[in-house]
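Take a look at the structure set out below.
The values are calculated or read from the model by the stated rules, or taken from the named source; none is laboratory data. Nothing here was measured: the structure is a model prediction, and the numbers come from that model. Positions of Cβ are generated from backbone atoms using ideal geometry, with glycine treated the same way; all protein chains shown enter the neighbour counts.
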Amino acid sequence: MSPLFKITLIAFLTASLGACSSDSDSPEDGSNLPSNEPGNPAMPTGGTPGSPATPGTPATPGTPATPGSPNFGDLPPPVIPELDPLAVPIPAPDPADPFGSSREIDPETPVAGGAPTQPKNLRIDLVSNDWAEFSWAPANDDTGVIEYRIKRSDGHTYTMQENQTSTNAGTQAELDKQWATTSFIDCNYTRFTGRVHNCELYGPEPGDIFSYEVTAVDAEGNESMPSDPITISYHKVQNAAVPFYEDRFLDGDFAQTHDLSNSAYFLDKFTLVFEDDFDGTSIDETRWNTQLVWGDEVIINNEQQYFVNTNRDPDFGYNPFKLADSILTIEAIPTPEALKSMLPAKCGEVNEEKPPCEFLSGALATQDKFNMTFGYVEGRMKTGDISGALSSFYLYHRYPGVGVERNAPEIDIIEYLGENPFGAEEAFQTYHFEDVSTGITRSSPTMSISNPDGSRYSEDFHTYGVLWEPQLVIWYIDGEEVKRLSGPQVGARAMNIVTYLVAGSGWAPTPDADGAFPLTFEIDYIRAYQRDSYTTNGLYPQ
């Protein structure tokens, strides 16, 4: 039997958990990093339960999330997935090299005129329901490697080529990124549906199990020996079993002993550490910055709005934040001519396709006021429903990390286009991280979910949440699991909460200046919870 089909127990378990971004200009010294050691990820430390938080006031660490017995309402009783009690826990990543920078080196010398060296260190980075990302060390060859062949156990083979091209700019960028990082996603349906890898035909499905090998090919057509195989078990649609695993930040067996398919099944084990119900008449400056971590001299993703920093400039002339009846509404409008002189110099740069600062809007972010490492974050929101509106709610690293610790994670909890020029109006979820060896931002496929009742999410309020544990991320809408991923590239950097309303971008169409304004994004509340082991690794409002 070929090694490709030899699926051992440990390989199976390893695979099950296998191992809108912009770089921050914030300092690298970690002077404000909420951790036990400046510049390093926060280690778990014990918390002490306290008294319940008062709604509308800053939460204090130790506040029980749900006092008393769990109340599951109309939900069926939780079901804890079965695990093999004799299974060996998946080993932790090397703490001296947690994201595998040293595994990007192949020390083998190629034979002149022969085939490339065997691809080394094929390893799993992330596994989701219907895609997985893995990487390997670049093979060596005396004339240069020009192609990699990714061979799947069902007989399908993907090819990666050094000079692979596509007429689609996003697809081309992904092809270049894969080659530069010697990584591959089976299957990146965001970039390869209907082209190159044809994900609609060959992509995996939830619950699939495949083994993979990689070979290298040089310009003479010589093909290397195959890499050692890996096996990937794709997560079920909901409540997939989480194998026992080891991690330097892991505390206990929470993920293995709880039904994670609905947030109601586990929030009683968490403590409320941040809360804003927007009961006041203005933005609470003890909780929120009205400027993003990279400031207003950086424009990302060809966005066309300027975020008014009302904390810094209360007399700017426009306030995008409207609070009434315990609801925050972020409103975006075309930039009035009289206020254009108030805009920063960056707004004067020429972009014929997407002119910057054509609109005024608002952003909230908790950097240096509240950060957290691991936990559950949820917002109850009504997303914008007009063409050009992009409602965003996500977690973003305060510091990207230094050296082998650099990972720069971002978890997009919900992104919603008022009108999606690329397809249906769905709720989108994405994970981003920085490749430790190249500094290139690597992104998951843009995952999506349609409202099961057939209506658009923008028609009403919904809760959008994410559970972030060591090596595990699960997304929720209205409490129900919609997507998950796992693996050693899940970040462990302290992250802050961010939410804002984009008006036109490289993704969202430019709003019609003569159309319906203001664009709106309504927020009822934003809350963050942590298990007691992690409640002291953030910064808290006073």
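Could you name every one of the strands (runs of 3 or more DSSP E) located completely within the stretch 145-260 that has at least 2 residues being within 30 Å of residue 534 (Cβ to Cβ)?
So the answer is 183-186, 230-233.
Within the stretch 436-460, track down each residue that is surrounded by fewer than 15 Cβ atoms within 10 Å (Cβ to Cβ) and more than 22 Å from the chain's Cα centre (by Cα).
452, 453, 454, 455, 459, 460
So which of 356, 421 ends up being over 25 Å from residue 484 (Cα atoms) and modelled with pLDDT under 95?
Of 356, 421, the one residue that is over 25 Å from residue 484 (Cα atoms) and modelled with pLDDT under 95 is 421.
I'd like to know if the stretch 452-462 contains one or more residues that are assigned to a strand (DSSP E or B) and either modelled with pLDDT of 95 or more or not acidic (Asp, Glu) (or both).
In the first step, residues of the stretch 452-462 are kept if they are assigned to a strand (DSSP E or B); the result is 462.
Cutting the leftovers down to either modelled with pLDDT of 95 or more or not acidic (Asp, Glu) (or both) gives us 462.
Checked the stretch 452-462: at least one residue is assigned to a strand (DSSP E or B) and either modelled with pLDDT of 95 or more or not acidic (Asp, Glu) (or both).
Take the residues in the stretch 526-542 that are out of contact with any Ser or Thr (no Cβ under 8 Å at 6 or more places or on another chain) and modelled with pLDDT of 95 or more, then tell me which one is surrounded by the most Cβ atoms within 10 Å (Cβ to Cβ).
528
Mind listing whichever residues of the stretch 119-144 are in a strand (DSSP E or B) and at positive phi?
121
I'm checking my understanding of the structure. Among residues of the stretch 509-530 that are within 22 Å of the chain's Cα centre (by Cα) and of a type outside the set (D, E, K, R), which one is farthest from residue 281 (Cα to Cα)?
Taking the candidates together, the pick is 530.
Please pick out the residue among 441, 446 that is in the same structural domain as residue 250 (by TED's automatic domain parsing) and touching a helix residue (DSSP H, G or I) at 6+ places or on another chain (Cβ under 7 Å).
None of the others qualify; the one that does is 446.
Residue-wise test of (1) surrounded by fewer than 23 Cβ atoms within 10 Å (Cβ to Cβ); (2) within 30 Å of residue 232 (Cα to Cα).
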site	(1), (2)
484	no, yes
489	no, yes
496	no, no
503	no, no
507	yes, no
519	no, no
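Has the stretch 366-379 got at least one residue that is touching a Gly at 6+ places or on another chain (Cβ under 9 Å), crowded, with 16+ Cβ neighbours inside 10 Å, assigned by TED's automatic domain parsing to the domain that holds residue 422 and farther than 20 Å from residue 411 by Cα?
Looking through the stretch 366-379, none of the residues is touching a Gly at 6+ places or on another chain (Cβ under 9 Å), crowded, with 16+ Cβ neighbours inside 10 Å, assigned by TED's automatic domain parsing to the domain that holds residue 422 and farther than 20 Å from residue 411 by Cα.
Please verify whether the stretch 388-403 includes one or more residues that are part of a strand (DSSP E or B), within 15 Å of the chain's Cα centre (by Cα), polar (S, T, N, Q) and not assigned by TED's automatic domain parsing to the domain that holds residue 206.
yes
Any residue that is within 20 Å of the chain's Cα centre (by Cα) and closer than 18 Å to residue 230 by Cα - is there at least one of those in the stretch 135-147?
For the stretch 135-147, residues within 20 Å of the chain's Cα centre (by Cα) and closer than 18 Å to residue 230 by Cα: present.
Does the stretch 314-324 contain any residue that is assigned to a loop (DSSP other than H, G, I, E, B) and in contact with a His (Cβ under 6 Å, 6 or more places away or on another chain)?
Taking every residue of the stretch 314-324 in turn, none turns out to be assigned to a loop (DSSP other than H, G, I, E, B) and in contact with a His (Cβ under 6 Å, 6 or more places away or on another chain).
Considering the stretch 415-451 alone, what residues qualify as being of a type outside the set (S, T, N, Q) and not in a loop (DSSP other than H, G, I, E, B)?
If the condition is that a residue be of a type outside the set (S, T, N, Q) and not in a loop (DSSP other than H, G, I, E, B), then 415, 416, 417, 427, 428, 431, 432, 433, 434, 442, 447, 449 are the ones that fit.
Looking only at the stretch 191-234, count every residue that is in contact with a strand residue (DSSP E or B) (Cβ under 8 Å, 6 or more places away or on another chain) and crowded, with 19+ Cβ neighbours inside 10 Å and tell me the total.
21
Restrict the check to the stretch 64-84 and report whether at least one residue is in a loop (DSSP other than H, G, I, E, B), in contact with a strand residue (DSSP E or B) (Cβ under 9 Å, 6 or more places away or on another chain) and modelled with pLDDT of 90 or more.
Yes: the stretch 64-84 contains one or more residues that are in a loop (DSSP other than H, G, I, E, B), in contact with a strand residue (DSSP E or B) (Cβ under 9 Å, 6 or more places away or on another chain) and modelled with pLDDT of 90 or more.
Identify all residues within the stretch 511-528 that are more than 19 Å from residue 365 (Cβ to Cβ) and part of a strand (DSSP E or B); write none if there are none.
Passing the criteria: 519, 520.
Quick check on the stretch 348-370. Is at least one of its residues touching a Ser or Thr at 6+ places or on another chain (Cβ under 6 Å) and closer than 22 Å to residue 496 by Cβ?
Checked against the condition, which is being touching a Ser or Thr at 6+ places or on another chain (Cβ under 6 Å) and closer than 22 Å to residue 496 by Cβ, the stretch 348-370 yields at least one hit.
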